[in-house]
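Accompanying notes for the structure given below.
Every number in this text was worked out from the coordinates using simple rules, so none of it is lab data. Since we're looking at a predicted model, the values are computed, not measured. Cβ: placed from backbone, ideal geometry, glycine included. Neighbour counts: every protein chain shown.
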Amino acid sequence: MYIGVVHTVTDKETWATKLAEFEKGTPPPGYTNPITFIGTKTDYAFCLWEAPSVEMLQPMLDELTAGAATNLYFHVNPEAFGTSGIPSQRIDLDTKQKAKATAKA
């Protein structure tokens, strides 16, 4: 199941530390974080997760971001009108770039 998480960053220094810790580790089996966006002012972030449920993801992320952010969780419907960019919908940009380079040659 896809889960969207909006992080409202409440302490930028702690957020940076926790984000660096997260980058060093790996999510548990059955959890992936294919998309993450950080706001230009580092006041918000958005993550897309694949996880068994919100109820299973929430305690993990709330602990990980404790003291750094508050989190809003929601189920993502990959089939909903207007939804785009879900990993299975993404274009392989590396392949597309190679195709363009080959076409120019």
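Quick notes on this structure:
- Failed condition for residue 79, given (1) in a strand (DSSP E or B); (2) more than 12 Å from the chain's Cα centre (by Cα); (3) not aromatic (Phe, Trp, Tyr): (1)
- Within region 25-46, being more than 21 Å from residue 12 (Cα to Cα) and not in a strand (DSSP E or B) holds for 26, 27, 28, 29, 30, 31.
- Residue that is surrounded by the fewest Cβ atoms within 10 Å (Cβ to Cβ), among those in region 47-83 that are over 18 Å from residue 9 (Cα atoms) and β-branched (Val, Ile, Thr): 83
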